[in-house]
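Just so you know, all these numbers are worked out from the coordinates, no wet-lab data involved. Keep in mind it's a predicted model, so treat the numbers as computed, not measured. Here the Cβ positions follow ideal geometry from the backbone for every residue, glycine too, while neighbour counts run over all protein chains shown.
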Amino acid sequence: MQQKETTNHDEFTELKDVPAEGRILALDPGTKRIGVAICDEMRFTTRPLELIERQSWKKLLAQVKIILAEYDAKALVIGLPLESDGDESIMSGTARDMARKFSLSLDVPVYLQDERVTSYAAKSNLWSRGVGLKESRRLVDSEAAAIILSDFLSRLPKV
């Protein structure tokens, strides 16, 4: 298995080599569930998809490959959970490791996107749409992935 240098923390956050067009898939990794979202081909809108229950790496990789193929996604974005002051958290290391593994296993580029406060924003969005507490617990991870993807898209240069 090929090893990549992982000491460079900008490795997955730089926007070089982002495909100029096509859908992008986003993941919001959690300890039990992984939120999933996709954008349209023109990258104007994002929408949550069905979440993935966290299992083995092999099963996660297989599920992500299926989703990438189904939507013909050209890149993958993973939420990077940072502390409120921007410092790394324990989950930051997990997200970076996930990004490294995906970059070694997929044929699409992989990026990290700061995801501070996306879960709070996702809950707020759901509640403002009248989604109840029980239902919002089921939807919040993928709603957060859609916010992560929107934030990533806003960083891309406008053509």
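Of note:
- In loop segments of segment 62-121 as defined by DSSP, the GluC sites (Glu not before Pro) with at most 13 further C-beta atoms inside 10 Å of their C-beta are E83.
- Note, ³J(HN,Hα) from phi for segment 24-33, Karplus 6.51, -1.76, 1.60, rounded to Hz, x at Gly and Pro: 10, 9, 10, 10, 10, x, x, 6, 10, 9
- Order of T94, T46, T31 - criterion: other Cβ atoms within 10 Å of each residue's Cβ, fewest first: T31, T94, T46
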